1. Please compute the average number of Cβ atoms from other chains found within 10 Å of each residue's Cβ in peptide E:171-177.
2. Calculate how many DSSP beta bridges within the protein assembly as shown are antiparallel, expressed in % of all such bridges and rounded to the nearest 5.
3. Order of D:89-102, C:162-175, B:192-205 by packing, highest average Cβ count within 10 Å first?
4. If you count the DSSP beta bridges with both ends in chain C, what percent of them are antiparallel, to the nearest 5?
5. Roughly what % of DSSP beta bridges within segment E:114-260 run antiparallel, to the nearest 5?
6. If you fit an axis through the alpha-carbon atoms of helix F:195-224 and take the longest principal axis of the Cα set of chain F, what angle between them do you get, 0 to 90°, nearest 10?
7. Most fluctuating residue of F:39, F:24, F:224 in a GNM of chain F with Cα springs under 10 Å: which is it?
8. Picking from B:113, B:236, B:189, which is most flexible by a Gaussian network model of chain B using Cα springs under 10 Å?
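Bear in mind these aren't lab numbers, they're just calculated from the coordinates by the rules spelled out. Because the structure is a prediction, the values reported are computed rather than measured. Here Cβ is always computed from backbone atoms with ideal geometry, including for glycine, and neighbour counts include all displayed protein chains.
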C-alpha cells in the first residue's frame, strides 16, 4: 500500500496546498451561514448584516487572518457589515490593510482586543487554524457572557477542535445549537454544502499532483517534488511519515532509505 | 375612526416612503437567502455564489432595478458573483452603472434578454414591484425549463403576487418548495426574519410622520403634508381614499370637504 | 445703491449656489483640522485617525449629511477612520450609502443614535446648517461628559451658531479652546486658511452671475434669473428683500414694483 | 567582444527583469488593440467592450496570468468588459482575486474551461509566455470554430510563437489577418507603437545595470551581481552561456573559469 | 406623411432620450480611438495612456461633462490615465466627483483652465454638445500650438460642428488628418463602428416609443406623451415643429390644432 | 548589563520589525501635517489638498515607496490629491500600482523625474530611509527654487538626516521653519504626537519579543530567534554587535562565543 495524505502535502513555505481550497470555501461560506443564523427564526438577534441606510450594520469579528479569515473578511465586507479581523501576524495584517484599506479594521490578537471586540459582535468567525495542532481555545465559556444574546459564532476550524470552548461538531442537517444564548454553528465539513464549487476547487489543486504521479511514477515523483514527498504517509507498506508512525506506535522508515 | 395606511402615504415624486425601508431590507436579504438555498442540503445546485480563485462564481439575475433590485445588486456584488440586472428604465440603469461600473451588467428588460439570462442563472431575484398593482408574471412555468436544475428563485414581491408564475407565499418556518427542479423561496414577510434591523428601519421612516401628527393634530398635519393626506384612508369614520371606497363599495368623501 | 447678498441667491430647489463652495471647502478641511488637534501637543487624545494595521482607527462622527457633512465624510473615509454620519433625511442617507457603501455608517439622527455615537467618538464634526436659521444645539454641555477626554469637536457651522452648546467663534491664529476636556475648534471662517483654493472655488460659482449682470444690465438680469432676483437686497436704494427690511425695520419695496 | 542579452538576465526568483517592462506595455496595449479591431471597419463583430447601460458588455478572455495577462486584465477591467483570466498557478490567481475581487473571473486553465470561455469570447488575449521556450499551442485551428465570427485574438507572445495555432507574426503597418472569420492581431513588436512610453519603461529597468557595469567594471559587476552574470552570453570572445554555446555548436567556457 | 425626428423627442427635463445612447457609445469609444491614434504608426506621440509602473501615464482632457464626457471619463479612468474634465456646470462636476472621487480632476471650464490643460494633454476629447445649436469653437487653431506635437484630438461632436476650429468630418475608412502636428480624429458617425452594440443601445431607447405608437395610434400617443409630441415634425403632411417650419420657410401648424 | 536595540532587530528578509510601526505612523501623519502647514496662517500656499469640484487639487510628491512612502501615499490618495511616488525599486512600484491603480502615479526615481515633479508639487514627503545609513540628500537647496513659494516639505526621515539639504530637526512645539519660501516640517519624533496610537502600534510589534525573552530566558531566546540575536548589542557587559563595538571603539565579542 502507498498512501498520500492531503493534509501533509506541504510546500517549502509551509503552505498546505491541498487544504487551501476547502479553507477558501469554508471562509467564504461562513458569512452566508452566519447571516442566516442571525435570523429570528434561527434563534439569532434578528440582525441584517449590512443594515440599511439609517440603521447600524452588524459587526463581524474574525479571529485569524489566514486563508479562512481573509476569505471570510472578503465576504463580510461585501455585505456592508463593520468588520474586525484579529491576528498575531502583523505582516499579514499589513497586507490585508493594503487590500481592503478602511473597509477592514485589523487588530493585533490579544486578550484585551478580543474581549472588547466580542462585546459588540453580532457574528464571530473562528478562523484560527494551526497546521497539525489543536487550535487554542481563545473564546472560553466565560467569555460568551460578554456577547449579546442571539449573536452567532461560526467556528470554521471545528475539524481541528475549534477556537471556542463550547464548540462541538454539528452537521448540515442539524447545524446549530445554543449555549448561554449564543448560537453555535459548527458544521464539521462546511464545503460539502456547496459540493459543486468545492469539487472544482479541490480538483484544481489536486489534479496537478495526480498528473505528476501518473507521468513520472511514484519514485521519480517523490524524488523530484518535495511537497509530494512530505505528503507521503505510507510507501509500499512502510510508514514514511514520522508523526504518523509515532501516533500509531509503528516503525518509521525514511523515504530516502526506501528510494535508495 | 381615523386610519392611515402605510402603503398609500406617497411623496410628490410618487415614492412610497413607508414601504422603502422594508424593500431595502428584503432586497438585501434576498441574496443571503438565495445563497443559503443554493446549498445541497436545501436542494440547491451546491454553488458558492462567489466561487473561489480558479472556480467560476455563481450568476445572479435580478429582475427589476428599483429599491429591492438595487439593494439585492449591492449584496450580490459583495459576494463576488457575476450579477446581471434587468429593468425597462434606462435612466435608472445609467445611475446603477455610474455607481457599480463594471461590477454590474445592466440589461434592458425584454423577453430575449430575460430568457438568455435565465439560462445561466444560479440565483434569480424577482424584484419588480408595481405600486398598487399586481406585478406581471415575467417568468412563466415554461421558462423554468430553461434554468439549471437546483437553481434558486427568490421572489421578493410575493406579497403582491410575485413575478414568477409558479410562486406562492411561504413562511419563515417552511420557506421553500420545488417546482420543476427549481427551488422557490417566496416568504411573504421577509423582513420579519431580521426583526431588529427592520424595526429600526421602519421607525426611522414612520416616526417623523407620527411626530408631525402629534405636534400639529390631524387637521393641520393633513393640510400641510400632502404625503400624509394621501395616506389617509379613513377620517372620522369617512372613507377618504377613492380606491379604498371603490374596493369596499362604500361612499367616498374627499378630505377637503371634511376639513372645510 | 444696489446690493446683492451671496447668502440669499437661491435656486428653485432651494440650494444656495454661492454658499456651496465654502461649505465644500470647510467640510473637507474639517477632517484635516480635527486630525491635527487630536495630537497630544494640541491637547487631543493622541490618536491617528487611520490607525495602523493592528491598531484601532479613530472614530469620526459627522452630524449632518448636507454639503459640509458629505465632504467631511469623503475626507474622513480617505483617512481610513471609522466614519458615522447622522442625518434626518433618509433619502440623502440612501444616496450617500450608494456612493460610499460599507465605508460609511449612516444613522438616522435622533437622540439615542447621537448619544451612542458620541461615546466612542474621537472626532465630531458639526455639519448641520439650516439656511437662514440658527442650527439647533444638538450637543448640549451635559453631553460632553459622554465623550472621551481629549476628543475633538469641529463645529463647522459656528458662523450660524454651531450645533454645540459650548461652541463660540475662534480664529485661525487661536483656533481651539477646551471645555470639560473636549477640544473645541470653532474657527469662524475656515476657508480663509486655504485662500487659494477658496478663491477659485468661490469665483467659479459667482462669476457666471457677475457675467450675466454685466451682459444684461441689472433690470434684465433680475427679470430673467430668479435666483439672482432672490439675492437682491437693495435696488437703487430700496430694500427689496422682505427679511432684510424686517430685520432693519425699514420699508420693503418689491422688485416687481420697481421694475415695472 | 563582450555581450549581454536582455532575455537572459535573470533574478534569483527566475524573473526576467529586462523583459518585464515590454510585457507590461504589450499586456496593456493588447486591450486597446483588441477594442480597435472589434470594430466593423476592421472586420470585427462591431462590439464596444464596455457596452452601455442596458446593453451586454463584451467578454474578454485572457490566457495566462503573468505580467502580460495581469496587465491586460487591468485594462480590460477598466473598459467595463466581462473579464475571465485562466492560469494554472492557483497562488497567482489568488493574488489577482485579492487585487480585483469580483471584477475578474479567475479560472484554472484546462481544456474544459478554455473551451467554454472561447464560446462567449469577443476578445481573446494570448498571454502565456514560457521563458526560453515555445509557448504551447493552446488554441488549435479547430477551436476557432467555437468562437463567434468577428471576434478577435491578440496573440501577445507571437515573438515566441504564440499560443494560437493559426498565429503568424504581423507588423504595425499591416497588423491583422482573418482565419476562419476570426481576426488575428499578431504584431511582433507591439511596444514599438508606443515608443515613448516603451523607451522610458525599458530604460528604467536597464539603466541600473548599465550604471553598475560602468561603476564597477565588467569583472566586479559580474562577480557581485548574479543576475547580470546570467545575462552574459559572450565574455572577451568566449561563449559563457551554455544554451547559446549549445545552440551555435560552439565551445562553452564558464564565467568562473575566465574570472579566475 | 407623418414624421418623427429622433433629435427632437425631448423629455420634460430637456433630455433627448433618443440621442443619449449614441452619445454613450461615442463617449466610450472616444478613448479607444484616442489611444489607437496616439501610436507612432498613426502619427501620434507614441504614448500608452496608462503608462506602466515607473513611467508617467498619459493625460486626457475632456471638454464637457454631459453624456459624452462622463462616458469618456469612465473609460479614460479605466485606462489608468490622468484625467481632467472641464464643464461650466458645477452641480454636474459635483456629481462626477461623488462618483469618481480622486480619480477625476474636475475643473470649471474657462479659458485659463482650458489653456493650462491643453499644455500637458496627450489626448483631448471634445464632448460639448448644445442641443439644437452649434457647439462653440473652444479650441482655436492658435491654441493647437500650445499642445505637444503628436497629441490627439477626438472631436466627438463633429456632427454639430465640433469644438475645435480645425475639425472637419472624416470617415471610418479615413478617420484622421494632421493639422499643426496635432492628430485630428473627427469621424462623423462614430457609433457605426460598433454596430452591434449601437443597434441594441438605440433599440432599447426607441422601442418603447414605437410600441406606444403601435398600441395607441398616433393621436392618442401624441396627446398622452408630450416627449413624443415634441418629436413630431410632420403630421399628416403638416409641419408641426416650429423650428422645422421656420428653417424650411413653410407653414407651421400646431399639433393641438390638428388634434382638435 | 544586557541591551537590545530596537533598530538592530532584523528579520531574515532584512526588515526591521520594531521600526516598521513608527514608520507607518509617521508616513500616515505626514499628510495630515502637510495639509495643515499648507494653510496661509502657517505660511503655506493656502491650498486644500483635495481641492473641490471645479478647482484643481493639490499635488503631493512622495520620495520613496517603502513603509513610510506607501503609508503616506495611502493617506494622500484619501484626501483626493494628485499623488506621485518615486522609487528606484520597480518591483515595489508594481505592487503599489496593483494596489492603487490609477490613483497613484509611480515614477522611477531619478534626477529628471524628481526635478519635474518638484515644479508642480504643493507638498513633498521625504520618505527615503536607508537602514543604518544616512539618506542621500536628494533635494538640494538649489532645487528649492524650482518649487512654488509656500509649498511644504515634510522630511519624515529627519532622524537619519533627511533627504533635503536644508532640513534640520524641529519639535512638535515649534515644528516648522522657512527656507527660500518653502515651509520645512522636520519634527524628529513625529509619532510622539499621536502617542496613544503609537504606543499600541509599538507594543504590538515588541511584545512578542518580550514574551519570548521572558518565557525562554536570554540564552535560549537568542539561540532560537536570529532576529532577536541581531538586536542584541550588549550581553552581560560584552559588546556583541560589531558596528556598535566599532563605533565606540570597544572590543567586540561574538554572541556565539558567549553562548558556548
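1. Working: counts 1, 4, 1, 0, 1, 0, 0.
Rounded to a whole number, the mean comes out at 1.
2. Counting DSSP beta bridges with both partners in the protein assembly as shown, the antiparallel share is about 30 percent.
3. Numbers: D:89-102: 19.4, C:162-175: 17.4, B:192-205: 21.3.
Ranked from most to least packed, the peptides come out as B:192-205, D:89-102, C:162-175.
4. Numbers: 11 of 34 bridges.
Among the beta bridges of chain C, antiparallel pairing accounts for roughly 30 percent.
5. Working: 8 of 18 bridges.
Among the beta bridges of segment E:114-260, antiparallel pairing accounts for roughly 45 percent.
6. 20 degrees
7. Sorting by GNM fluctuation, first place goes to F:224.
8. Highest fluctuation of the listed residues: B:236.
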